[in-house]
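The values are calculated or read from the model by the stated rules, or taken from the named source; none is laboratory data. Quick caveat, the model's predicted, so the values are computed rather than measured. Don't worry about glycine lacking a Cβ; one is built from the backbone with ideal geometry, like all the others, and counts go over all protein chains shown. Just so you know, the surface numbers come from the protein's heavy atoms only, side chains and all, with ligands and any DNA or RNA stripped out. Shrake-Rupley method; radii C 1.70, N 1.55, O 1.52, S 1.80 Å.
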Amino acid sequence: MIKKNIRNFCIIAHIDHGKSTLADRLLEATGLIASIGERTQFLDDMDLERERGITIKAHAITMNHKAADGIEYVLNLIDTPGHVDFSYEVSRSLAACEGAILLVDASQGVEAQTIANVYLALENDLTIIPAINKIDLVSAQPDLVQQQIMDLIGCEADEVLRISARQGIGIDQVINAVIDLIPPPKPYSDKFSSIEDEPLQALIFDSIFDNYRGAIPYIKVVSGVLKPDQMIFFHSTRKKYQVDEVGLLRLKREPQKQLAAGEVGYIIPGCKEVGETRVGDTIGDVENPLPKPLSGYREPKPMVYAGLYPTDADEYEDFQNALAKLKLNDASLQYEPETSGALGFGFRCGFLGLLHLEIVQERLEREYNLDLVSTVPNVKYRIACTDDQILYVDNPVHLPSPMAIKEVEEPIVKAQIVTPPEFIGAIMQLSMERRGIYENTEYLDPQRAVLHFKMPLAEIIYDFYDRLKSMSRGYASFDYEHTGWAVTKMVRLDILLNGELIDALSVIVHEDKAYAWGRRVVDKLAQIIPRQMFEVAIQAAISSRIIARATVRALRKNVLAKCYGGDITRKRKLLEKQKEGKKRMKMLGHVEVPQEAFMAILKSD
Amino acid sequence: MTKFALYIHYPFCIKRCNYCAFVSSVIDDKIANSYQKVLLTELKQKADEQPWRDGKIRSAYFGGGTPSLMPVDFIEILLNTISNSFCLTPETEITIETNPGSDVNDRFKEFFKLGINRLSIGAQSFNDDELKLLGRIHSTDDICDAVQAGREAGFENISLDLLYGIPGQTVNSFQTSLQKALDLNPTHLSTYALSIEDNTPFARMVKNGSLSAPDPDLAADQYSMLIDVMKNAGFNHYELTNYSKSGFESTHNKTYWQRTPYLGIGTAAHSFDGQKRFWNTNSIETYIRNLKSDKIPLNNTEFISPPEQIEEQLYLGLRTSAGLDVDFARKHFSKNTLRELVLDGFLNIQHRKYLVPEKKWLLLDEVVLKILSTS
């Protein structure tokens, strides 16, 4: 029989609502870590996560807790990412849980993303434990937030916990609620008298790569038992492996004799090849296979595409290997080789969103010590050609000529924005600027409105979230889901440097916005491109019609003339420094362009 | 027998200028006395060492600071020590730098008698407002007095230093200065675009906004006027920053660009023995202390690797009107880049030498970086 003392749960919370601090408190209360005075945040172990204050990757940790009833419970906390781009990763984590703590900041209230994740949790039949955090803050409005939560999940007032993770208030209540309210994992079938007889099914909800042990999937065993030496296979690849090791995830990996149905842990399949342990995949037993994988798994669909190129062509192979390794624990990352006249050999990469792109690029640069350039991201367009062919285009260079296009369709999302009412006007305006179609407004409470729009995805991948945050002083939050396609009028806008088309700077842009985009990019490049030996003409063009132009005047003086009494060394050092500076430049055509130019084009002013 | 250039540094001035980043300080008689003593000690040390020992001196140069502040009898001792230690002929170019307004014009006669045959005068500008801004202690008239005193003392070979790119200076005001300089009939002119060096009063003034940073385009306009005027005045532009009447190119100056050996004595002085470069401590105090206890005042040594030697030949060669050997360049650098630079007008070929055209000389570093980045 499945163990009754297991509780698999996650924490649903908006950024900065205190998820990591609560996680630390749980680790502390269950004795896994020593007392924590200040915040340490054990679950976010990547620098990047801590810096951005978000959890990028789902992790898991097993805690033991002896409850008042004398039973020792196994509490598996499965961490979930907290950003709109990572809804797929959230879905995998939720699929491994039976319950979720819904954590809401007592002064911030329910945010858009929290709503989206709560719906996802309810769809997965998860038991939800609502908790209001940070009740110790002066600005806390627990009654108001309690009402929001009650409206959201339809619970009673007395079911909502009031805690302060930072102060350690109410942590025991949380643990008791997890034990009392969240059900143990569901049994697979009552046909089998023993778990040992059940066919094995294990869900991979995360996967990391260890340089010595290879791929290490984090799993929840749904049925049957997983043991060392067992022959297993992955459903999506049908590849077979003999298990090296299984175990629990505590502060370190702790090997076990087996993992049985309901348990959460890791498996080392001895899989040295990167890219074969796919997140969301199901592990089966070769001897006793089930024909179908577990449901609830969605193929991750990239929504945003961009070309990534190593600055140094010699780093291409390193880049390829790094992408393969990153792909191992980021199932949503897709890539294929592409070549650019301007940037050389690189990869067209598909991302969940712009933040995902930035994180992938930063991780590649930091963890794999690469220097990369990214092209302007775009969505995928569906093109009906005059010859009745249907094309999907994720790279501006591949957009057919206007003559060959019958119709262009772009992906549309349903966006929900939660905001205090005073920002509604500004948000309406922003959304209209972004070609949004307003649908309706609901009120969570008098202080909190939910605006619904239909918007082109292309309009929100560029800078929408940052703008929304800054115009609402950080109060508005935002989430979206894909609804389908809509006919649109898009054109390809090219950038020319001294008459030479720079393919890496081409974009697909809405006809009505082409001029503004061209003007902005041309002016920005004129600021960023340093003066060089020649005058540089920067032009924006639509099908060879120039719509904007700027000039960088030729450099006239660059020489270290003065020589201090034979101090040639100083001269050489200064020259070396200049050489290093030049290395950070990309030769586009005959023009030296700083790498920052690409990133600067992505950012608004 | 090694042929080499000898440089002697005297790091004292009556006042430090606002733009100056050379190693120098305001003169203090006691420290200056100690310095003079140990200068001789170092000279004797080096005279005993290879490769300088029994070497032949191509040129000697007293630089600073203001070396003309050194007492005449001390200069005599220095020169005697030099000629006793090394081979020195009456034809050897011996230069001393002087700054107008230092009240030393009456020593010029004796300098000349001691065998010094070239006077380098730090004029910098012939505009009194500019001189004041630069923190110079002299006026335009003081420059004329110094030149006249030099002539009367017997100096035929007189060089003037001029700055351009001075804040507030225009093409016209620089041309006026330049014309006044030429009116004094110098045989040689060194001109530098002012650069703001770290840890100078100018650097602080630029930082706090009381001085505007030099405009490189204005400097380029001034340079453009400068080369035209100098050509008309009959000067050879024999090195990026140096102009001379025929036969008056500075032997000492050329040493640095030709990668021939030079020996530097004094604080912060640099030496090159053909393979390695080494230089003395910047600190006058350390310099004196080390030599008093018979230690060498070395700060650092740098061995020049073969690829670095080739790079040096490139950027030093292109500084001069002698240029860079075409076969050498094509052997070590990208032929395509060199060809492109010729086609684009950044290099000329004359007598099997690559030369940077005079009009493009201010872009020398760009040309060099271009060549280095593709080889």
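Along the Cα→Cβ direction, 7 angstrom out, place labels at B:Ile14 and A:Lys583. What is the inter-label distance in nm?
4.9 nm
Take every residue in peptide B:357-368, count the Cβ atoms of other chains within 10 Å of its Cβ, and give the average of those counts.
On the way: counts 0, 0, 1, 2, 3, 6, 8, 5, 10, 9, 3, 5.
Per residue, the number of nearby Cβ atoms from other chains is 4 on average.
In what sequence, highest mean first, do A:187-198, A:418-429, A:260-271, B:43-54 appear when ranked by Cβ atoms within 10 angstrom?
Details: A:187-198: 13.2, A:418-429: 16.4, A:260-271: 23.5, B:43-54: 14.8.
Highest-to-lowest ranking by the protection proxy: A:260-271, A:418-429, B:43-54, A:187-198.
Using only protein heavy atoms and a 1.4 Å probe, how much accessible area in total is buried between B and A, to the nearest 100 Å²? Walk me through the numbers before you get to the answer.
Working: alone 17360 and 27180 Å², together 41040 Å².
About 3500 Å² of accessible surface is lost on pairing.
Based on the Cβ-Cβ distance of A:Phe345 and B:Asn84, what FRET efficiency does E = 1/(1 + (r/R0)^6) give at R0 = 56 Å, to the nearest 0.05? Write out the running numbers ahead of the final one.
Numbers: r = 68 Å, r/R0 = 1.21.
Between A:Phe345 and B:Asn84 the formula returns 0.25.
Per residue of segment A:569-581, in order, report the coupling 6.51 cos²θ - 1.76 cosθ + 1.60 (Karplus, θ = phi - 60°) as ³J(HN,Hα) in whole Hz, putting x for Gly and Pro.
Karplus-based 3J(HN,Hα) across segment A:569-581 equals 4, 4, 4, 5, 5, 5, 5, 4, 4, 5, 4, 4, x Hz.
Relative contact order, percent, of segment B:311-373 when contacts are C-alpha pairs under 8 Å separated by at least 6 residues?
39 percent
Can you give the mean number of other chain Cβ atoms that lie within 10 Å of the Cβ atoms in peptide B:210-218?
If you average over the peptide's residues, the count of other-chain Cβ atoms is 2.
Which order, highest average first, do B:112-118, A:235-241 follow once you tally other Cβ atoms within 10 Å for each residue and take the mean per peptide? All intermediate terms of the calculation are to be shown ahead of the outcome.
On the way: B:112-118: 18.6, A:235-241: 15.3.
The most tightly packed comes first, giving B:112-118, A:235-241.
Could you give me the ³J(HN,Hα) list for segment A:234-245, computed from phi with Karplus coefficients 6.51, -1.76, 1.60 and θ = phi - 60°, whole Hz, x at Gly and Pro?
Working through the residues one at a time gives 9, 4, 6, 9, 6, 7, 9, 9, 9, 5, 7, 7 Hz.
For a label point 7 Å from the Cα of B:Asp129 along Cα→C-beta, name the residues of segment B:172-204 whose backbone N is under 13 Å from it.
B:172-174
Return the sequence-ordered ³J(HN,Hα) values of segment A:7-19 in whole Hz as given by the Karplus equation 6.51 cos²θ - 1.76 cosθ + 1.60 applied to θ = phi - 60°, using x for Gly and Pro.
Listing the rounded values in order: 10, 9, 8, 10, 10, 9, 7, 7, 3, 6, 8, x, 4 Hz.
If you take the beta carbon distance between B:Asp327 and A:Glu159 as r and set R0 to 60 Å, what does 1/(1 + (r/R0)^6) give as a FRET efficiency, to the nearest 0.05? Can you show the working numbers first?
On the way: r = 89 Å, r/R0 = 1.48.
Step by step, r from the Cβ atoms, then E = 0.10.
On the protein heavy atoms, probe 1.4 angstrom, tell me the percent of accessible surface of the protein assembly as shown carried by carbon and sulfur.
Working: 19870 of 41040 Å².
Accessible surface attributable to carbon and sulfur in the protein assembly as shown totals 48 percent.
Can you list the cysteines of chain B that have no other Cys Cβ under 4.7 Å away?
By the Cβ distance rule, which asks for a partner under 4.7 Å, the isolated cysteines are B:Cys13, B:Cys87, B:Cys144.
So if each residue of separation counts as 0.36 nm, and I subtract the Cα-Cα distance between A:Asn124 and A:Ile390, what length gain in nm does that give?
Values: separation 266, 0.36 × 266 = 95.76 nm, distance 3.58 nm.
Length gained, A:Asn124 through A:Ile390: 92.2 nm.
Quick one: if you stick a label point 7 Å off each Cα along the C-beta vector at B:Lys292 and A:Asp371, how many nm between them?
So the two model labels end up 4.9 nm from each other.
Taking H placed 1.01 Å from N in the peptide plane, check which residues at least 5 places from A:Leu588 or on another chain put their amide H under 5 Å from its amide H.
Long-range HN contacts for A:Leu588: A:Val593.
What nm value, rounded to one decimal, do you get for the distance between B:Lys359 and A:Arg545 when each label is placed 7 Å out toward the C-beta?
Output for this residue pair reads 3.9 nm.
Percent relative contact order of chain A, based on C-alpha pairs within less than 8 angstrom and at least six residues apart?
Values: 1307 pairs, mean separation 59.4, N = 605.
Answer for chain A is 10 percent.
Is the C-alpha gyration tensor of the protein assembly as shown telling us rounded, prolate or oblate? Criteria: a/c under 1.5 is rounded; beyond that, a/b larger than b/c is prolate, otherwise oblate.
Working: a/c = 2.61, a/b = 2.21, b/c = 1.18.
Prolate, because a/c is 1.5 or more and a/b exceeds b/c.
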